[in-house]
Amino acid sequence: SCVWTGIMFPPTDEVTACIQNVPFNASWRDGTVSTIKAVLPSYVLADILTNTGPPANIAVNLHDALDEIRQTEYHRDIDMWLTFTRLFASLHDAHTVITKPKAYSNLVYTQPFKLVVKMVGNEQKVFLGAEAVPGIFQEVGQKIASLTGSEVISIDGVSPITAVNDWATKWNQISLDQGARFNNAIKGPYVTRQIDRYDFPTEPMRYVLRSSSSVPVSIDISWRAAARTPDSTIDISVSRCTVKEKTDLLTTSKGFIHQTSILLDDQRDTTQLHSSTGEWVLESDTPPLSMYTSKDGTTAVMKLTSFSPDNVSDYCMNMDKAWELLEQKAVNNLIIDVLGNGGGYVCLGYDLVRLLSGETLIDARPDKYGAPYDLHWVPELSKGLRLGDQQNPAYHELGMDSWLDPLKLSPVNLSDFVDRGSTGLRGKVTDSRYSSRFFLDCSTDEFEGVCKLRKPKISFPKERVLVLTDGTCGSTCSTFMHKLQAEGKYAKVAGVGGIKLAPLVTSSFAGGFTSNIGSLNKLFAEEDRIQDFPTNGGLKQFAWAELYDPEYTSTPGQYAYREPDIRLDFWDFGGPLNSLYDMAKATFSVNNAVYI
């Protein structure tokens, strides 16, 4: 049997054999390719990806690559899915990711140790850390577990920094930037590979380690199969690949929420202090928003793990209370922590910039506090909007009735705005056609994901607001970061971690909107609707609209790199953040807050 329930560490040899025994199915291959190809015209970045130019320098022709997959006879099902996974990972667009079928879900292959990165003198070094997953040390035995704390000299023949970077470049979808990919990889994915999202490692990892004896030792450590959680069911079977559950059915996205499941699933933040520790006092804990103050009363931390609250009304209320706390405590400095923030409701990202602006953007027009968007022109969408029912409830579900004409700042005419755009060169595509541009209306509470803003009674000069990012601040968080840095008036930005002496961007997979097959089919005419994938794997979401950088308005935010003002050498993303907040606090000069 290839089913395990409630077993944290099933036999690795048996799990491997089960994965390798799922047979290749040509109809799954052909159906998956056909559905992806039907979606691709709506993928807003598909044309530019054929030649992005610098700084991204990506050249991927998805249509040609998919044709090659269709012509390939694979030995096993996993081989085919690894090819799909690798192809879409090469886009480094976390909005647009292939997920393997459910037979490969709830399952990781893991090394025993987390990796600990820190500076030793002037060198960035890597050490073996705590258990990569709970209980793994008991599984591998004391001899292996005793290696904790050893310095890693090399992994598979190269330096550990290079090994992590090379893997992340090949398999990590999270960012175009190597520093951001590195940060994401050391948080877990490099040593604990989620099989439905990443690769399928079967060969032992060779370490050269140095302990206190200073004598390097070489050791091969095998991967161990593990359940994602102790109560997970692992079912590696053909039938598990095809069973569609309610959550797998074609659904419609919410028009104001755009995020990446990779960050939400893999990086649900475990570093919140949740208690008063050391220098920092927990003032409120209302996820995704938590507030801390320093014991000397000078500095506050606003920690935002996402812009995707379970209850938007509660979030809006808690954000109001956070600003009231800043006023009551009369703090001089504000740290905003968006480490690993994977996005959420678009307007909540703009709202944070507006709150930081004091009076400047609170009551501003959408074209002042926001940034422009557009869609790739698709004949099926043009037809659906021209001939469709103008009362189609999907328009509101997708937030389309909040899209504003840039000249009139009134709702776009959905029947023709797609057709009134421009045609030009994108990548290697000379006749790439796009809709007219539009802004979002975040000034009304008629839509889910919008707060009614109140002007804070305290504001902070730019020199006393520091935003902490590890580069994986993405989607709506990237929208926030692009607008914040384009304004250049409200905060400094600190890049945390990354690869020493290499650049680190402040955000990744920039803004825009995501969509899925269900959303498109609610807009397309019945005869143009896209057929679902033959399995429960496939391209479950993709970048549908692109955000333009508010300052460089001809450049999609996805390819407009912005770097931080300062860098902080900190990589313990899974541990207490006290020392990081101490470093951030030390960057401030002593001044007083400004009260309104």
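The residue that is nearest to VAL418 (Cα to Cα), counting only those in the range 385-399 that are out of contact with any Asp or Glu (no Cβ under 8 Å at 6 or more places or on another chain) and loosely packed, with under 15 Cβ neighbours inside 10 Å, is LEU387. The residues of the range 316-351 that are aromatic (Phe, Trp, Tyr) and either open to solvent by less than 10 Å² (accessible area, probe 1.4 Å) or more than 19 Å from PRO456 (Cβ to Cβ) (or both), listed by number, are TYR345, TYR350. The range 308-413 holds no strands (runs of 3 or more DSSP E) entirely within its bounds that carry 2 or more residues that are closer than 30 Å to ALA525 by Cβ and among the small types (Gly, Ala, Ser).
Please work out which residue is nearest to CYS473 (Cα to Cα), limiting yourself to the range 504-515 and to residues that are assigned to a loop (DSSP other than H, G, I, E, B) and modelled with pLDDT under 95. Explain how you work it out, then say what you get.
Our first condition is that a residue be assigned to a loop (DSSP other than H, G, I, E, B); within the range 504-515, this holds for 504-507, 511-512.
Among the residues that remain, those that are also modelled with pLDDT under 95 are: 511-512.
Values: GLY511: 10, GLY512: 14 Å.
The residue in question is GLY511.
Every residue in the range 571-596 that is among the aromatic types (Phe, Trp, Tyr), more than 20 Å from the chain's Cα centre (by Cα) and modelled with pLDDT of 90 or more, please. Break it down into steps so the answer makes sense when it comes.
Of the residues in the range 571-596, the ones among the aromatic types (Phe, Trp, Tyr) are 571, 573, 581, 588, 595.
With the extra rule that they be more than 20 Å from the chain's Cα centre (by Cα), the set shrinks to 581, 588, 595.
TYR581, PHE588, listed by residue number.
Out of the range 153-175, which residues are buried (at least 23 other Cβ atoms within 10 Å of the Cβ) and in contact with a Pro (Cβ under 9 Å, 6 or more places away or on another chain)? The answer is ALA168, ASN172, ILE174.
Being small (Gly, Ala, Ser) and either in contact with a His (Cβ under 8 Å, 6 or more places away or on another chain) or buried (at least 16 other Cβ atoms within 10 Å of the Cβ) (or both) narrows it down to one of SER402, SER422, so name that one. Show your work before the answer.
Numbers: SER422 fails: either in contact with a His (Cβ under 8 Å, 6 or more places away or on another chain) or buried (at least 16 other Cβ atoms within 10 Å of the Cβ) (or both).
From the options SER402, SER422, the qualifying one is SER402.
Determine whether the range 30-38 contains at least one residue that is closer than 30 Å to ALA560 by Cβ, open to solvent by 20 Å² or more (accessible area, probe 1.4 Å) and part of a helix (DSSP H, G or I). Scanning the range 30-38 turns up at least one residue that is closer than 30 Å to ALA560 by Cβ, open to solvent by 20 Å² or more (accessible area, probe 1.4 Å) and part of a helix (DSSP H, G or I). Selection of the range 427-476 for residues being hydroxyl-bearing (Ser, Thr, Tyr), surrounded by fewer than 23 Cβ atoms within 10 Å (Cβ to Cβ) and within 21 Å of TYR345 (Cβ to Cβ) yields SER443, THR444. Taking the criterion of being over 17 Å from GLU131 (Cβ atoms) and in contact (Cβ under 8 Å) with a residue 24 or more places away in the chain, the residues of the range 218-240 that qualify are ILE219, ASP231, SER232, THR233, ILE234, ASP235, ILE236, SER237, VAL238, ARG240.
Restricting to the range 143-201, and then to whatever is touching a residue at least 60 places away in the same chain (Cβ under 8 Å) and among the small types (Gly, Ala, Ser), can you tell me which residue is nearest to ILE58 (Cα to Cα)?
First, pick out the residues of the range 143-201 that are touching a residue at least 60 places away in the same chain (Cβ under 8 Å): 144, 147, 149-151, 153, 161, 165, 170-184, 186-201.
From what's left, among the small types (Gly, Ala, Ser): 149-150, 175, 179-180, 188.
Values: GLY149: 38, SER150: 37, SER175: 12, GLY179: 17, ALA180: 17, GLY188: 26 Å.
Among those that are touching a residue at least 60 places away in the same chain (Cβ under 8 Å) and among the small types (Gly, Ala, Ser), it is SER175.
Looking across the range 107-133, the residues that are crowded, with 19+ Cβ neighbours inside 10 Å and in a loop (DSSP other than H, G, I, E, B) come down to GLN111, PRO112, ALA132, VAL133. Is there a residue being of a type in the set (Asp, Glu), touching a residue at least 12 places away in the same chain (Cβ under 8 Å), assigned to a helix (DSSP H, G or I) and surrounded by 23 or more Cβ atoms within 10 Å (Cβ to Cβ) anywhere in the range 74-93? Looking for residues that are of a type in the set (Asp, Glu), touching a residue at least 12 places away in the same chain (Cβ under 8 Å), assigned to a helix (DSSP H, G or I) and surrounded by 23 or more Cβ atoms within 10 Å (Cβ to Cβ), one finds at least one in the range 74-93, hence yes. A Cβ distance below 7 Å, combined with a sequence gap of six or more or placement on separate chains, defines the contacts here; from the range 273-290, residues that are closer than 16 Å to LEU580 by Cβ reach residues that are part of a loop (DSSP other than H, G, I, E, B) and at pLDDT below 90 in the pairs TRP280/LEU273; LEU282/LEU273; LEU282/HIS274; LEU282/SER275; LEU282/SER276; SER290/GLN272. Test SER239 against the stated conditions and say whether it is surrounded by fewer than 20 Cβ atoms within 10 Å (Cβ to Cβ), in a helix (DSSP H, G or I) and either in contact with a Phe, Trp or Tyr (Cβ under 9 Å, 6 or more places away or on another chain) or at pLDDT 75 or above (or both). Considered against the rule, which asks whether it is surrounded by fewer than 20 Cβ atoms within 10 Å (Cβ to Cβ), in a helix (DSSP H, G or I) and either in contact with a Phe, Trp or Tyr (Cβ under 9 Å, 6 or more places away or on another chain) or at pLDDT 75 or above (or both), SER239 comes out as yes.
What residue, of THR52, THR16, THR12, is surrounded by 14 or more Cβ atoms within 10 Å (Cβ to Cβ), modelled with pLDDT under 95 and farther than 16 Å from GLY538 by Cα? Can you show your working first?
On the way: THR16 fails: modelled with pLDDT under 95; THR12 fails: modelled with pLDDT under 95.
After ruling out the rest, the residue left standing is THR52.
Any residue in the range 504-512 that is closer than 30 Å to CYS241 by Cα and either touching a helix residue (DSSP H, G or I) at 6+ places or on another chain (Cβ under 8 Å) or surrounded by 23 or more Cβ atoms within 10 Å (Cβ to Cβ) (or both)?
Pass one, the range 504-512, residues closer than 30 Å to CYS241 by Cα: 509.
Cutting the leftovers down to either touching a helix residue (DSSP H, G or I) at 6+ places or on another chain (Cβ under 8 Å) or surrounded by 23 or more Cβ atoms within 10 Å (Cβ to Cβ) (or both) gives us 509.
Yes.
The values are calculated or read from the model by the stated rules, or taken from the named source; none is laboratory data. As the structure is a prediction and not an experimental result, all values here were calculated from the model. All Cβ positions, even for glycine, are placed from backbone atoms using ideal geometry, and neighbour counts span all protein chains on display. Heads up: the accessible areas ignore ligands, DNA and RNA and are worked out on the full protein's heavy atoms, side chains in. Shrake-Rupley method; radii C 1.70, N 1.55, O 1.52, S 1.80 Å.
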